[in-house]
Structure formats: C-alpha cells, structure tokens
Amino acid sequence: MNRKPQGLSREDVELQAQETLHDGFIRVDRFHLRHRLHRGGWSESLSRETMLRGEVAAVIPYDPVRDEIVLIEQFRVGLYAAGDPNPWSTEIIAGIVEPGESADDMARRETMEEAGCEIGRLERVMTFYSSPGGSSQRVVMYCAEVSAVDIDGVYGLDAEGEDIRAFSLPADDVFDMLSTGAIDNAVGLVGLQWLAMNRDALRRRWT
Amino acid sequence: MNRDDVELEGSEILHQGFFRMDHFMLRHRLFAGGWSPALSREIMLRNPVAAVIPYDPILDRVVLIEQFRGGMFAAGDPHPWSIEVVAGIIEPDETAEDMARRETLEETGCTIARLEKVMDYYPSPGGCSECVAVFCGEVSTEGVGGIHGNAAEGEDIRVFSETTDDAMAQVMSGAINNSIGIIGIQWLALNRQSLRQRWGVAE
C-alpha cells in the first residue's frame, strides 16, 4: 500500500501496556500508549479500546456481459442493536479470511457459498479499515467476473446460522440504490461506488 | 422482512468500558419461511457518529485530516495515522447537524455554510451497532491548514486540503484507506457536478 513518503509511522508509537478486556467471539483489548505529535514532542499517555478482528475479503460480483451485479440480503445484528426498523442488509459478498487461507481463495469460496456463483477473473480493488478508531478490521475488496444468469435463491451455511437471499440486478439499478439509501453498509458502498466509477473500463478489459 | 421478524430471547453485558459489548440470543424468520434456530451473537454497542465531507465548491477542493488510529496500530499497520474526512460521536443532547458543524470547526477550523445530508451507513453491521450519518458541508479552503483537535481528548489532527481529483487518486493509491474517507470522497467524485449546480457555482 502506498503511503505518504514523510509523516509519522509505527516507530513513532510507544506501547506502554496492553490488557485484554474481553475474549469471546470478538476480542477487545485496551492499549496504553503515547505517540509523537505532528508539531513534535510526544502525546500524553492515551488509553484506547480496540476490537481485534481478522481480515475480511469482500467481492463485487459483476457480470460484464449482461452488465448485472449480484447482491445478497441477510439479517445483521448490528442493525438490530442500533434499532433499525429493517435489520436485513443488502450487501455484496464478504467473509472473514480463515488462518492459512489466502484472501483470493476466500473470495472464491465465499462467493460460491453465499451466492452460488463461480468466479472467472478476479481483480483486487483496494484494502481499507471499516472503523479504524475502534477496530482492527481490514477489508480486502475484489471485483469478480461472474455469470448472473439464474442467480435467485437462498444460500449460506446453516451451521453458521446464515440465511442469505441472492439476486441480480442491472448495474444502473444498483447504482441508483446508492442514492436512495438501500445500500447502507461500508463494504457495499465502497465496492459499488468503485464499480460506478470503473464499470466502463472494466467492461472493456473483460469483454 | 422487518424488525417484527426478530425475536430477542435474551441479552447480557459482556464488557462495559469506553465501548460496551453485549451478547444477544435471538432468532429470526427465514427467507424460505419458518424460524432460524436460536443464534448467539456478540455485538459492540456504539453511539451514532456524524461525518462531514468539507467541500469548497468554488475551488473544487476537499479538506482532509490526518490522525493516529488505535485500530490500525492494533492491526500491525506500519503507518497507523489515517487520512480521513471529519467525524465524531454525536452527544446525546445534540442533533447530527449541530455535531457536524461543531466537529468540523474543532477538527479543521472551518465554518460550514450549507450542509447537506448524504447518507447513513453502518461501518461493520455484523458486529457493531455504529451508524454514521454522512454530510457534505460547504467550506472555504482559503488558508486552511495547521494542527487542530481537542488536546484534552488526546486529539492531534493535521489539516490540509486537496483537489477532489487528487483526493480520489489517494483513495486509489491506498493512501486513504478508511471507510468514511473512501465513501465520502467517492461520493464527492460521483456527485460533485450536481452538487456544484445545486450550490450555484458550476461553470
């Protein structure tokens, strides 16, 4: 990842103590640290709570021939806990990368599990933190070539309590959903905004 | 389906510190009909956030900030300083709009004229209740820069401005790599023409 050539880096942080506050499905640690300041010198000792979460691979499943995008819909506990009147979320494909698995392999496996789609070409788009103030979660975003014919059904792993509806829509209809609020999760927004800006170039490369 | 299709069977607090972590037992209706088994879900409860894309429609420039981020340090990132747009937690007695104006002044020194709601989104809906209300705020980037932030909260924020095209190039190079910044700048790249027309500054 290209970063600015100057500026502050990891060597400018002094970790003084780290304690685990909760260790269940999600782990929460508290870091006591200080860091160099932009104007020089050091900060006071700071206390920062952070969720420790693994890497996520996400996939924009795009059919360049039909100009269609595969979407999924599933229940999300974060929306429920926030009091959202509709805690089912319309998303693209995403899942946690298992230890020993590459993000590329995970992208192919998860797209089959969640939407029943075989991937052809797979391009890496970008890597980002979903909530860098309080979580270590990093998302590797891909765009994948799929065939959107006959994508309509219920998928997901029963053992993980997944109940996922997969469907496909014309790309322009999905881009309209970006302004109506129908897509309201970080992974979906980042991926679909990217596709809205890069669809034409991608179609030229792929068809 | 909607909220009535979820049955909360129990919840407990697992951790209460700066953040709160709860455990939910619930079941919900299935797409195929019927109900799921009882599901166990850990969820971090966080207050709503307001974010602002501070945009100068005359110069087509966006104000960006750079600050240390604990989540990136915990992930082992070699550069745990993050380039972002303005964002902060909404206080209980404050509207998102008021917070957007206050936080933009605190973090960048910029006063917002027009303020438009762009969207609401969840950064991590599988494990966190945090919801971000994103605004675009009209600012002047003349003379913008320097170090800002509330020292009492440990904030040390470097402020600068870029053209929309240069900010977009930083998204594509990976220099801007957080969801709020990427979503805000990509939104601006997709919508700046209509925004500038609405605000009466298009050529």
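Each residue of region B:54-71 was assigned a 3J(HN,Hα) from its phi angle through the Karplus expression (A = 6.51, B = -1.76, C = 1.60, θ = phi - 60°), giving x, 10, 9, x, 6, 8, 6, 10, 10, 8, 10, 10, 10, 8, 5, 10, x, x Hz with x at Gly and Pro.
In this simple spin-label model, placing a label point 7 Å from the Cα along the Cα-to-Cβ direction at both B:Ala152 and B:Asp98 gives a separation of 1.7 nm.
If the only charges are +1 at each Lys and Arg Cβ and -1 at each Asp and Glu Cβ, what is the size of the charge dipole of region B:54-203 around the Cα centre, to the nearest 20 debye? Before the final figure, lay out the partial values.
On the way: 10 positive and 25 negative charges, 87 e Å.
It works out to roughly 420 debye.
Annotation note: GluC sites (Glu not before Pro) in region A:1-99 located in DSSP loop regions with a Cβ neighbour count of at most 14 within 10 Å are A:Glu44.
Using only Cα atoms, locate the centre of region A:32-52 and the centre of region A:112-172, then give the distance between them in Å, rounded to an integer. What the calculation gives is 36 Å, centre to centre. Applied to region B:166-172, the Karplus parametrisation 6.51 cos²θ - 1.76 cosθ + 1.60 on θ = phi - 60° returns per-residue 3J(HN,Hα) values of 5, 5, 5, 5, 6, 5, 5 Hz, with x for Gly and Pro. For region B:109-187, just say rounded, prolate or oblate: build the C-alpha gyration tensor, square-root its eigenvalues into a ≥ b ≥ c, call rounded for a/c under 1.5, and beyond that prolate if a/b exceeds b/c, oblate if not. Rounded. Fewest neighbouring Cβ atoms within 10 Å first, the residues B:Thr104, B:Thr164 line up as B:Thr164, B:Thr104. Local charge for B:Ala87 was computed over the other residues whose Cβ lies under 9 Å away, with Lys and Arg +1 and Asp and Glu -1, and equals -3.
Taking other C-beta atoms within 10 angstrom as a stand-in for reagent exposure, A:Arg36, B:Arg3 fall in the order B:Arg3, A:Arg36, fewest first.
Does region A:55-206 come out rounded, prolate or oblate, given a ≥ b ≥ c as the square roots of the eigenvalues of its C-alpha gyration tensor, rounded meaning a/c under 1.5 and, failing that, prolate meaning a/b above b/c? Verdict is rounded for region A:55-206.
Under the rule a/c < 1.5 gives rounded, and otherwise a/b versus b/c splits prolate from oblate, where does region B:3-45 land using the Cα gyration tensor? Each step should come with its number before you reach the end.
Details: a/c = 3.38, a/b = 2.87, b/c = 1.18.
Here region B:3-45 falls in the prolate category.
A:Ala144: net charge of surrounding residues, Cβ under 11 Å, Lys/Arg +1, Asp/Glu -1, itself excluded?
Summing Lys/Arg as +1 and Asp/Glu as -1 gives -3.
As a test of the formula, what do you get for chain A when each DSSP H run with n ≥ 4 contributes -39,500 (n - 2.57) and the sum is divided by the residue count, at 222 nm and rounded to the nearest 500 deg cm²/dmol?
On the way: 4 runs with 49 residues, N = 207.
Result for chain A, helices only: -7500 deg cm²/dmol.
FYI, it's all coordinate maths here, none of it is from the lab. Quick caveat, the model's predicted, so the values are computed rather than measured. In this analysis, Cβ positions are derived from the backbone assuming ideal geometry, glycine residues included, and neighbour counts consider all displayed protein chains.
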